[in-house]
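Presented below is the structure to which this report refers.
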Amino acid sequence: VDVFQAWCGPCKPVVNLFQKIRNEVGSNLLHFAVAEADSIDALEKYRGQCEPVFLFYTGGELVAVVRGADAPLLQKTILKQL
(Lines give C-alpha, C1' and ligand atoms only; values in the text may rest on other atoms or scores of the structure.)
Protein backbone atom coordinates (compact mmCIF):
# COMPACT_ATOMS: atom_id res chain seq x y z
CA VAL A 1 0.00 0.00 0.00
CA ASP A 2 1.42 3.36 -1.04
CA VAL A 3 0.42 5.69 1.81
CA PHE A 4 0.39 9.32 0.71
CA GLN A 5 -0.68 12.79 1.82
CA ALA A 6 -3.40 14.66 -0.08
CA TRP A 7 -1.02 17.58 -0.71
CA CYS A 8 1.66 15.47 -2.42
CA GLY A 9 -0.21 12.55 -4.00
CA PRO A 10 0.85 8.93 -4.47
CA CYS A 11 4.40 8.06 -5.55
CA LYS A 12 3.98 7.70 -9.32
CA PRO A 13 7.61 6.72 -10.15
CA VAL A 14 7.29 3.56 -8.05
CA VAL A 15 4.23 2.34 -9.96
CA ASN A 16 6.43 1.19 -12.86
CA LEU A 17 8.57 -0.85 -10.47
CA PHE A 18 5.51 -2.56 -9.00
CA GLN A 19 4.13 -3.30 -12.47
CA LYS A 20 7.45 -4.79 -13.59
CA ILE A 21 7.67 -7.05 -10.53
CA ARG A 22 4.01 -8.03 -10.82
CA ASN A 23 4.56 -9.05 -14.45
CA GLU A 24 7.55 -11.16 -13.41
CA VAL A 25 5.96 -12.96 -10.44
CA GLY A 26 2.36 -13.14 -11.62
CA SER A 27 -0.66 -11.00 -10.89
CA ASN A 28 -2.11 -13.39 -8.29
CA LEU A 29 0.77 -12.93 -5.86
CA LEU A 30 1.19 -9.16 -5.76
CA HIS A 31 -1.45 -6.48 -5.35
CA PHE A 32 -0.80 -2.73 -5.23
CA ALA A 33 -3.03 -0.12 -3.62
CA VAL A 34 -2.85 3.53 -2.64
CA ALA A 35 -4.30 5.09 0.49
CA GLU A 36 -4.58 8.72 1.53
CA ALA A 37 -3.38 9.00 5.13
CA ASP A 38 -5.47 12.13 5.73
CA SER A 39 -8.75 10.33 5.12
CA ILE A 40 -8.12 7.00 6.91
CA ASP A 41 -7.96 7.04 10.71
CA ALA A 42 -5.83 3.87 10.89
CA LEU A 43 -3.10 5.68 8.93
CA GLU A 44 -2.96 8.71 11.25
CA LYS A 45 0.65 7.99 12.32
CA TYR A 46 1.77 8.47 8.69
CA ARG A 47 0.31 11.98 8.38
CA GLY A 48 2.48 15.07 8.09
CA GLN A 49 5.42 13.34 6.43
CA CYS A 50 6.84 14.41 3.11
CA GLU A 51 8.20 11.00 2.10
CA PRO A 52 6.13 8.14 0.73
CA VAL A 53 5.53 5.15 2.97
CA PHE A 54 4.94 1.66 1.61
CA LEU A 55 3.15 -0.86 3.81
CA PHE A 56 3.35 -4.57 3.04
CA TYR A 57 0.58 -6.89 4.18
CA THR A 58 0.32 -10.65 4.11
CA GLY A 59 -2.93 -12.28 5.14
CA GLY A 60 -4.23 -8.92 6.39
CA GLU A 61 -1.24 -8.44 8.72
CA LEU A 62 1.40 -5.72 8.38
CA VAL A 63 4.73 -7.48 7.71
CA ALA A 64 7.05 -4.71 6.46
CA VAL A 65 7.33 -0.94 6.07
CA VAL A 66 9.58 0.95 3.64
CA ARG A 67 9.95 4.71 3.98
CA GLY A 68 10.97 6.67 0.91
CA ALA A 69 11.00 5.80 -2.79
CA ASP A 70 14.06 3.54 -2.57
CA ALA A 71 13.49 1.27 -5.60
CA PRO A 72 16.18 -1.35 -4.73
CA LEU A 73 14.90 -1.64 -1.14
CA LEU A 74 11.29 -1.85 -2.32
CA GLN A 75 12.15 -4.60 -4.80
CA LYS A 76 14.14 -6.52 -2.17
CA THR A 77 11.27 -6.22 0.33
CA ILE A 78 8.65 -7.34 -2.19
CA LEU A 79 10.65 -10.37 -3.28
CA LYS A 80 11.44 -11.30 0.33
CA GLN A 81 7.75 -11.14 1.29
CA LEU A 82 6.71 -13.23 -1.73
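The values are calculated or read from the model by the stated rules, or taken from the named source; none is laboratory data. Here the structure is a predicted model, which means the values were calculated and not measured. As a convention, Cβ positions derive from the backbone with ideal geometry for all residues, glycine included, and neighbour counts pool all protein chains shown. Heads up: the accessible areas ignore ligands, DNA and RNA and are worked out on the full protein's heavy atoms, side chains in. Shrake-Rupley method; radii C 1.70, N 1.55, O 1.52, S 1.80 Å.
If you roll a 1.4 angstrom probe over the protein chains with everything in place, what fraction of the accessible area of the chain belongs to carbon and sulfur, to the nearest %?
53
Along the stretch 40-46 the Karplus relation, 6.51 cos²θ - 1.76 cosθ + 1.60 evaluated at θ = phi - 60°, assigns HN-Hα couplings of 10, 4, 5, 9, 4, 5, 9 Hz to successive residues, with x for each Gly and Pro. Per residue, the chain exposes 64 Å² of solvent-accessible protein surface, assessed with a 1.4 angstrom probe and all protein chains in place. Between the Cα long axis of helix 71-81 and the first principal axis of the chain there is an angle of about 70°, rounded to the nearest 10. Rounded, prolate or oblate: pick one for the stretch 35-82, where a ≥ b ≥ c are the square roots of the eigenvalues of its C-alpha gyration tensor, a/c under 1.5 means rounded, and failing that, prolate if a/b is larger than b/c, else oblate. It comes out oblate by the Cα gyration axes. Helix 12-25 and the longest principal axis of the C-alpha atoms of the chain enclose an angle of approximately 30°.
If you place +1 on the Cβ of every Lys and Arg, -1 on the Cβ of every Asp and Glu, and leave all else neutral, what size is the dipole of the stretch 1-79 about its Cα centre, to the nearest 20 Debye?
It works out to roughly 260 debye.
Taking the charge dipole of the chain about its Cα centre, with +1 at Lys and Arg Cβ atoms and -1 at Asp and Glu Cβ atoms, the residue from TYR46, CYS8, VAL66 reaching farthest to the positive side is VAL66. Shown is the FRET efficiency for ASN23 and ALA64, computed with R0 = 22 Å from the Cβ-Cβ distance and rounded to the nearest 0.05: 0.55.
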